[in-house]
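Asks: Structure in structure tokens, see below.
The values are calculated or read from the model by the stated rules, or taken from the named source; none is laboratory data. Please read these numbers as outputs of a predicted model, since none were measured by experiment. Neighbour counts are summed over all protein chains in view; Cβ atoms, including those assigned to glycine, are modelled from backbone coordinates with ideal geometry.
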Amino acid sequence: ATPTSIMVGTGRAAELGVLFRKGEALQLLKDARVVAVDKTGTLTRGKPELTDLIVAEGFRRGEVLARIAAVEDKSEHPIARAIVAAAEAENLDLGTLERFEAVTGYGVRATVDGVRVEIGADRFMARLGLDVGLFAGDAKRLAEEGKTPLYAALDGRLAAIVAVADPLKETTPAAIRALHELGLKVAMITGDNRRTGEAIARQLGIDEVVAEVLPEGKVEAVERLKAAHGRLAYVGDGINDAPALAAADVGVAIGSGTDVAIEAADVVLMSGDLGGVPKAIALSKATIGNIR
Ligand code: ADP
Ligand code: MG
């Protein structure tokens with residue numbers, strides 16, 4: 001492509017809210033075969049809400065919610081905000097926190113008023129040696145509704161299953177359709193529960209799901225998808241996405257995302273609308289396609 005065609009293309013993209021940080025990304029997008037997307041904050045709004053809290057026998061709902069909210073109050077994860085907001089809505093007293101620890105990709109823990117509290121994914125409970133089989137039926141149902149099931153433990157005993165739901169962005173379904181119309185494969189990469197990821201993917205017609213990925217596993221997933229399908233664009237918003245954005249042929253960050261993601265990206269979607277990706281690919285085909 002000529003420098004002029006790239007200037008014209010990136011200029012037109014900017015008018016559509018798609019900012020090219022690197023000019024060569026416009027040339028690369030033309031031949032993209034697969035778009036891999038992070039789930040939370042990219043497909044979804046990234047603002048989950050607590051939808052369910054089912055306690056095990058011998059535990060009180062209010063107590064469990066207050067304890068886990070006290071711990072989540074120190075966490076930066078979107079899930080944390082959902083749990084704290086639910087406790088605030090019920091005017092619960094959160095108590096005094098000690099020894100907070102975030103176990104990335106698993107959950108969080110602390111001691112609250114002398115009670116040891118853990119909240120996180122099933123694999124977090126497994127690490128603690130806790131069997132979550134008691135809630136197997138609930139977990140399956142909640143995940144099939146596209147909700148994320150989490151578990152709470154108090155003093156080393158399984159106390160509750162908690163679910164949070166993160167609604168899709170309004171623009172997501174049309175963006176996925178547009179990518180398919182351009183002949184691309186769409187894959188989702190998420191740290192979330194497999195069943196939850198698959199339920200959301202089914203709803204959107206997403207072709208492939210890589211779920212329960214630990215932060216360091218996203219790059220490996222990107223490499224695998226590249227080998228299977230060819231040139232790959234990765235779309236993400238979080239700190240966790242930065243290595244995957246760098247590993248992709250074209251990294252696309254959500255404009256409202258973290259600075260770390262934006263720094264690692266070649267393209268930034270200023271409006272946060274995933275629809276910018278098919279638009280940029282179409283533009284790449286139109287401006288670069290016939291010039292080379
Ligand atoms: P993602 O951003 O895709 O959710 P993460 O690696 O941040 O990926 O988290 C993976 C999983 O670990 C979450 O889906 C959740 O089950 C659990 N988790 C992480 N942080 C927290 C937290 N603060 N509270 C509860 N669960 C958490
Ligand atoms: Mg995200």
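Asks: Report whether or not Leu245 is more than 16 Å from ligand 2 (Cβ to nearest atom) and buried (at least 17 other Cβ atoms within 10 Å of the Cβ). If you could, list the steps in order and put the result at the bottom.
Replies: Working: more than 16 Å from ligand 2 (Cβ to nearest atom): no; buried (at least 17 other Cβ atoms within 10 Å of the Cβ): yes.
No: the conditions fail for Leu245.
Asks: Residues of the range 93-137 being more than 24 Å from the chain's Cα centre (by Cα) and of a type in the set (Asp, Glu), which ones?
Replies: Passing the criteria: Asp93, Glu98, Asp113, Asp131.
Asks: Counting just the residues of the range 83-110 that are polar (S, T, N, Q) and in contact (Cβ under 8 Å) with a residue 12 or more places away in the chain, which one comes out farthest from ligand 1 (Cβ to nearest atom)?
Replies: Thr96
Asks: Follow-up question, since we're still on this one. Could you identify the single residue in Lys147, Lys140, Lys185 that is out of contact with any Gly (no Cβ under 8 Å at 6 or more places or on another chain), over 26 Å from Ser256 (Cα atoms) and touching a residue at least 40 places away in the same chain (Cβ under 8 Å)?
Replies: Values: Lys147 fails: over 26 Å from Ser256 (Cα atoms); Lys185 fails: over 26 Å from Ser256 (Cα atoms).
Only one candidate passes the filter, namely Lys140.
To keep it simple, each residue is scored yes or no on (1) in contact (Cβ under 8 Å) with a residue 24 or more places away in the chain; (2) assigned by TED's automatic domain parsing to the domain that holds Lys39; (3) surrounded by 17 or more Cβ atoms within 10 Å (Cβ to Cβ).
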| residue | (1), (2), (3) |
| --- | --- |
| Ile239 | no, yes, no |
| Val250 | yes, yes, yes |
| Thr258 | no, yes, yes |
| Val267 | yes, yes, yes |
| Ser271 | yes, yes, no |
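Asks: Can you run down the residue pairs with Cβ atoms below 9 Å, 6 or more apart or on separate chains, where the first is in the range 23-51 and in contact (Cβ under 8 Å) with a residue 24 or more places away in the chain and assigned to a helix (DSSP H, G or I) and the partner is aromatic (Phe, Trp, Tyr) and away from ligand 2 (no atom under 16 Å from the Cβ)?
Replies: What qualifies is Leu26/Phe20.
Asks: Ser5 is checked against (1) farther than 27 Å from Lys218 by Cα; (2) of a type outside the set (A, V, I, L, M, F, W, C); (3) assigned to a loop (DSSP other than H, G, I, E, B) and fails just one. What number does that condition carry?
Replies: Going through the list (1) farther than 27 Å from Lys218 by Cα; (2) of a type outside the set (A, V, I, L, M, F, W, C); (3) assigned to a loop (DSSP other than H, G, I, E, B), Ser5 breaks only (3).
Asks: Working only within the range 23-56, note down all residues that are hydrophobic (A, V, I, L, M, F, W, C) and within 16 Å of ligand 2 (Cβ to nearest atom).
Replies: Looking only at the range 23-56, we keep the residues that are hydrophobic (A, V, I, L, M, F, W, C), and these are 25-26, 28-29, 32, 34-37, 43, 50, 53-56.
Once the filter is applied, which keeps residues that are hydrophobic (A, V, I, L, M, F, W, C) and within 16 Å of ligand 2 (Cβ to nearest atom), the range 23-56 yields Val35, Ala36, Val37, Leu43.
The rows are residues; the columns are (1) among the basic types (Lys, Arg); (2) buried (at least 19 other Cβ atoms within 10 Å of the Cβ); (3) away from ligand 2 (no atom under 16 Å from the Cβ); (4) within 21 Å of Lys147 (Cα to Cα).
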| residue | (1), (2), (3), (4) |
| --- | --- |
| Val64 | no, yes, yes, yes |
| Glu72 | no, yes, yes, yes |
| Ile83 | no, yes, yes, yes |
| Leu92 | no, no, yes, no |
| Arg109 | yes, yes, yes, no |
| Asp113 | no, no, yes, no |
